[in-house]
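Asker: Shown below is the structure under consideration.
The values are calculated or read from the model by the stated rules, or taken from the named source; none is laboratory data. Everything numeric in this text was worked out from a predicted model, so none of it was measured. Note that each Cβ is placed from the backbone with ideal geometry, even for glycine, and that neighbours are counted across all protein chains shown.
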Amino acid sequence: MNTSETPQNVHEQIVTLLPRLRRFARNLTRNPHDADDVVQIALERALTRLDQWHRDARLDSWMFKIVRNAWIDELRSRTRRDKVFLAAEAGDNIGTDSMAREADLLSVQSAMARLPEDQREAVSLVLIEGLPYREAAEVLDVPIGTLTSRLARGREALQALLGTEGETP
Amino acid sequence: MTISDETLMAYADGELDAAARAAVESAMQSDPQIEKRLARHRALRLKVQTAYAAELSEPIPERLLTAARGLSNQPRGNVVNLQEARAAAECSAPRAASRRPSWRSTGALAASLVVGVAVGFFMWGRSQSPLELGPGGALVARGPLARALSNQLASEQSPASAVRIEVSYLAKSGEYCRTFSLSGEASPSGLACRHGDEWRVETLGRGAAAGDSEYRTAGSELPAWILKSVEGQIVGEPLDQAGEKAARDRGWKSIAP
């Protein structure tokens, strides 16, 4: 247990992370309702394991990882229950329609939703949540080279989906 | 010297060490193409960050605050899936559960909440979001937006006003509805109807002023997608000056259809 942090203090730090945890979970699950449920499960798990968090680790990375693991567990149990059929990987659709022409503010969110999961996670952690590559790789349990190549492919796909709007003149 | 796209990406993300940064910068001096490619990475980064910024200011459901603080009086360490989590949430906190916004039942609107708040966020600031997710998942106007919807007459509004009301009309539901635009660069527009004591925002999105000429209708400031909603709902003609004033003076009380 991290001795310089009182439990209360850690709880309050986790509270301040909640908006980011929800946002990350929404990008993972692509469903706000599932996202809140996954965050709740992650919070309950985190609080029973606070002794596993070390002060030299970032609390946000640690929590992101627990959220992600909670979602992975949920997907596994859904598969086991065989009640929910997961949507085919949305990334397959890239480039097959002209959704980007809707050019609405949703376009970034809908483009994100179309990325394959591994790219979406990388983009989410680095571009949206602002984690350094090293931290993001740690959350995803992959070598840093894997993280950067997923990030690069995710960016390319987003550029393609969003058209040229993202470019500066 | 060639600079790989991954290197430029890492540069844009602030991941390069001083030596690698210097190499990119010196390559940029001799090759303006590199700067363009870098600008593309930066623009995408900014665009993605901007699109997700507003989610941070959404209110946090009470059940998550409670869970984060570890205050739950019925600790449930063994929740392993969402079904159980939902069931547990409902039995340990029925009040919170019933007040929980139902994202699923409000699908499209909930999705547009993110958009609407995203655009509104930048002008109103965190503390004063013009919208709130009310009980049952309805999106409800708050603060200056709610005040403008209740009080501002389309015929008497200051150009400096942060909220602009365009059209007021009676809808088939018997409720009064008004279209509005918020000032600011992103200038979101929407449609709100008076439901009980609140203004429920029914449609929300980026306004025509944001620069999408394809959404603009000739001779109208209203985006076409709002006009379409109005056309689908309206009974008769939009309220004129006197009709608008009369409706306001009655507190926008709905009229049985």
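Asker: So, in segment A:39-70, of the ones that are farther than 10 Å from A:L21 by Cβ and touching a Phe, Trp or Tyr at 6+ places or on another chain (Cβ under 6 Å), which residue ends up modelled with the lowest pLDDT?
Answerer: Top of the filtered list is A:W53.
Asker: How about segment B:44-73: which of its residues are surrounded by 18 or more Cβ atoms within 10 Å (Cβ to Cβ), at the interface with chain A (Cβ under 7 Å from one of its Cβ atoms), assigned to a helix (DSSP H, G or I) and not aromatic (F, W, Y)?
Answerer: B:L44, B:R45, B:K47, B:V48, B:A51, B:E55, B:R63, B:L64, B:A67, B:A68, listed by residue number.
Asker: Further question on the same structure: Would you be able to tell me the number of residues in segment A:50-71 that are touching a residue at least 12 places away in the same chain (Cβ under 8 Å), surrounded by fewer than 16 Cβ atoms within 10 Å (Cβ to Cβ) and part of a helix (DSSP H, G or I)?
Answerer: Residues that pass the stated criteria total 1.
Asker: Can you report the number of residues in segment B:164-174 which are farther than 13 Å from B:E244 by Cα and buried (at least 19 other Cβ atoms within 10 Å of the Cβ)?
Answerer: Here the count works out to 2.
Asker: What's the total number of residues in segment A:54-68 that are within 14 Å of chain B (Cβ to nearest Cβ) and over 14 Å from A:L131 (Cβ atoms)?
Answerer: Matching residues across segment A:54-68 total 1.
Asker: Additional query: Can you confirm whether segment A:104-111 contains a residue that is more than 11 Å from every other protein chain (Cβ to nearest Cβ) and either modelled with pLDDT under 90 or not in a loop (DSSP other than H, G, I, E, B) (or both)?
Answerer: No, that holds for no residue.
Asker: I'd like the full set of residues that are surrounded by fewer than 18 Cβ atoms within 10 Å (Cβ to Cβ), among the small types (G, A, S) and modelled with pLDDT of 80 or more, limited to segment B:137-161.
Answerer: Once the filter is applied, which keeps residues that are surrounded by fewer than 18 Cβ atoms within 10 Å (Cβ to Cβ), among the small types (G, A, S) and modelled with pLDDT of 80 or more, segment B:137-161 yields B:G143, B:S150.
Asker: Which of the residues that make up segment A:131-160 are within 8 Å of chain B (Cβ to nearest Cβ) and not in a helix (DSSP H, G or I)?
Answerer: Within segment A:131-160, A:P132 is the sole residue that qualifies.
Asker: Report the residue count in segment B:1-36 for those that are assigned to a helix (DSSP H, G or I) and either buried (at least 17 other Cβ atoms within 10 Å of the Cβ) or touching a His at 6+ places or on another chain (Cβ under 9 Å) (or both). Full working, then the answer.
Answerer: To start, the set of residues in segment B:1-36 that are assigned to a helix (DSSP H, G or I) comprises B:5-12, B:18-30, B:32-36.
Those left that are additionally either buried (at least 17 other Cβ atoms within 10 Å of the Cβ) or touching a His at 6+ places or on another chain (Cβ under 9 Å) (or both): B:5, B:7-12, B:24, B:27-28, B:34.
The qualifying residues number 11.
Asker: Restricting segment A:1-19 to residues that are at the interface with chain B (Cβ under 7 Å from one of its Cβ atoms) and at pLDDT 90 or above, which is surrounded by the most Cβ atoms within 10 Å (Cβ to Cβ)? Give the steps one after another, and end with the answer.
Answerer: Keep residues of segment A:1-19 that are at the interface with chain B (Cβ under 7 Å from one of its Cβ atoms), which gives A:11, A:14-15, A:18-19.
Then keep just the ones that are at pLDDT 90 or above; that gives A:14-15, A:18-19.
Values: A:I14: 24, A:V15: 16, A:L18: 19, A:P19: 15.
The extreme case among them is A:I14.
Asker: Given B:G236, B:G190, which one is exposed (fewer than 13 other Cβ atoms within 10 Å of the Cβ), touching a strand residue (DSSP E or B) at 6+ places or on another chain (Cβ under 8 Å) and modelled with pLDDT under 85?
Answerer: After applying the criteria, what remains is B:G236.
Asker: Residue by residue through segment B:210-226, note down the ones that are closer than 23 Å to B:R147 by Cα, buried (at least 18 other Cβ atoms within 10 Å of the Cβ) and either out of contact with any Leu (no Cβ under 6 Å at 6 or more places or on another chain) or modelled with pLDDT under 75 (or both). Quick ask: steps written out before the conclusion?
Answerer: First pass over segment B:210-226, keeping only residues closer than 23 Å to B:R147 by Cα: B:221-223, B:226.
Keeping just the survivors that are buried (at least 18 other Cβ atoms within 10 Å of the Cβ) gives B:222-223, B:226.
Within segment B:210-226, B:L222, B:P223 qualify.
Asker: Let me ask something else about it. Please list, ordered by first then second residue, the pairs with beta carbon atoms under 6 Å, 6 or more apart or interchain, first in segment B:31-47 and under 15 Å from A:V123 (Cβ atoms), second of a type in the set (V, I, T).
Answerer: Taking only residues 6 or more apart or on different chains, the pairs are B:A43/A:T168.
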